[in-house]
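*Asks:* Starting off with a structure, shown below.
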Amino acid sequence: MQKPWRVSTIFAAISTLILSGCSGFGGINLERVGAADTVTYFKVALNQTEQHPSFKALEKFGADISKKTNGRYKVEVFPNEQLGSQQEVLQMVKSGAIEMAIVSGTQLENVNQDFRVLNMPTTFSSIQHQISVLQDQNIVGDLFASLADTENITVLGGYTQGARHVYTTYGPVQTPQDLHGKKIRVQESDMHIRMIELMGGSATPLSYGEVYSALQAGVLDGAENNEVSFNTARHMEVAPYYSFTNHLVGLDYMIMRHDLLAAMPAADRELFYETWYDSMDYHTQLWIDYTAESVKIAKENGAKFNSVDSAAFREALSPIVDQFLQTDYQHQLYTEIRNADQQEGKK
Ligand code: GCU
C-alpha cells in the first residue's frame, strides 16, 4: 500500500497551537502520542444512530486499533449529533477540540471546491468504483492532503453513502415534472442546490438533524438520501414515498486532526491507515446488507418504493458537470476517476 502520509509544515503545527491557545490540544499532549506509557483518546463525531453501518464500522475500527496497539490508542464514537452538526464538528476537528469526525462530502466542498468533483452526479458509477478511488492515493492523495496547512485536517478516506434517491410526503415521483414547485431538502452545497433544481424541484438546504421535523411540519415536501438514512433517521415515517432516482453515489469522509496524525510515530500512523482502510471495506459489506434490510423495514412501516423515468432524470442532470468543473485540476481529477471506473470494470 502506498503511504498517503505527508510531512506537515512547522507552520501548520504552530498555527494550530496559537489557535487552540493551549498546550494540551484538547487534552492530548502531542509529545507523548504513541508512547508505551500513554493512552491517546480519540473522540469521533457521527451524525447517525447506533443502528447505522457507520456507527458499527467505527466501533470496530476503535476496537481494532486498541487491540493492535495494546491499548495505546482508544476511540470513542459519539453518535446522533451528540457533539454537534457536521458543520460544527468540522470546526471542532480543526481547533483540536475533538480528534476525528465523519462528515459528508458536501461539508468539505465548502472548504475546498475541488472536493466537488467527488460529490457530483455521474462521478461514481457504483460503490465499488467509489471505494477503489478512495483507496488510490495516486488519484486522491493531493486532495486529501489539501486541508492540512490551512484547516489542520487530514482526510483519511471515507465511507460510502450508497446511491441517493428522492422521497416525498405527497406521492411517488416518476419524472422531473413531479418535483415541480416542491421544496426538497438538500445538503448545504451550491452544487446540490443546483442538482435538485435541474431535477425539477425547489431546493432547501438544511442540516441533517433538522430534516425529520421539517418534513413532519410540512416545511419540506421531500428530501433525498439513501435507503439506510431513510430508515435509521425515521424519515420514512413522515415522507413515505421513496422513488429510485439514483441521482448520486454519495460519500462521507473521515477527517482527522492533522497535528495529531503528524505527532504519531510513523509505525503507528501506518497502522492507523491500514486499520482505517480495513474499516472502509468492512463498512461497504455492512452497507450492502443494511440497504436491503432498510428497504424491508421501511416497507413494514408503510413506506412505498417506486421506479422512475431514469432517462429523464439523467438528461435533466446532464449540464451539471460542465457547470461545476471549473479548473484544470478539477477536470483532470474527474477524468482520472472516470477512467478508474473503466479499469474497475475490466477486473
Ligand atoms: C447521509 C450521510 C450523512 C449526511 C446525510 C445528509 O446520511 O451519511 O453524512 O449528513 O446523508 O443528507 O445530510
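Every read-out reported here was derived from the displayed coordinates using simple, explicitly stated rules and does not represent laboratory data. Everything quoted here is computed from the prediction, not taken from an experiment. Neighbour counts are summed over all protein chains in view; Cβ atoms, including those assigned to glycine, are modelled from backbone coordinates with ideal geometry.
*Asks:* Give the Debye-formula value of log10 I(q)/I(0) at each listed q (0.20, 0.23, 0.26 Å⁻¹), with one equal scatterer per alpha carbon of the range 32-91, two decimals each.
*Replies:* One equal scatterer on each Cα of the range 32-91 leads to -0.76, -0.89, -0.99.
*Asks:* Could you pull out every one of the aspartates and glutamates with an alpha carbon less than 15 Å from that of Lys183, ignoring same-chain neighbours closer than 8 positions?
*Replies:* Glu197, Glu210, Asp221, Glu224
*Asks:* If you don't mind, another one. Between the helical axis of 53-68 and the dominant principal axis of the chain, each derived from Cα atoms, what acute angle in degrees is found, rounded to the nearest 10?
*Replies:* 20
*Asks:* While we're here: Hey, what do the phi angles of the range 196-205 turn into as Karplus ³J(HN,Hα) couplings, whole Hz, using 6.51/-1.76/1.60 and θ = phi - 60°, x for Gly and Pro?
*Replies:* 5, 4, 5, 7, x, x, 10, 7, 10, x
*Asks:* Another one. Report, by chain and number, residues whose modeled amide H sits under 5 Å from the one on Val186, excluding near sequence neighbours (fewer than 5 apart, same chain).
*Replies:* Thr204, Leu206
*Asks:* OK, next. Return the FRET efficiency for the residue pair Ser66, Arg314: r is the Cβ-Cβ distance, R0 is 45 Å, and the value is rounded to the nearest 0.05.
*Replies:* In this case the efficiency is close to 0.50.
*Asks:* Can you tell me the relative contact order of the chain? Whole percent, Cα pairs under 8 Å, sequence separation 6 or more.
*Replies:* Here the relative contact order equals 23 percent.
*Asks:* Right, next: Could you give the length gained on full extension between Asp289 and Gln113, defined as 0.36 nm per residue of separation minus the Cα-Cα distance, in nm?
*Replies:* Full extension of this stretch gives 60.1 nm more.
*Asks:* Need one word for the range 303-347: rounded, prolate or oblate. Basis is the Cα gyration tensor (sqrt eigenvalues a ≥ b ≥ c); a/c below 1.5 gives rounded, then a/b vs b/c decides.
*Replies:* oblate
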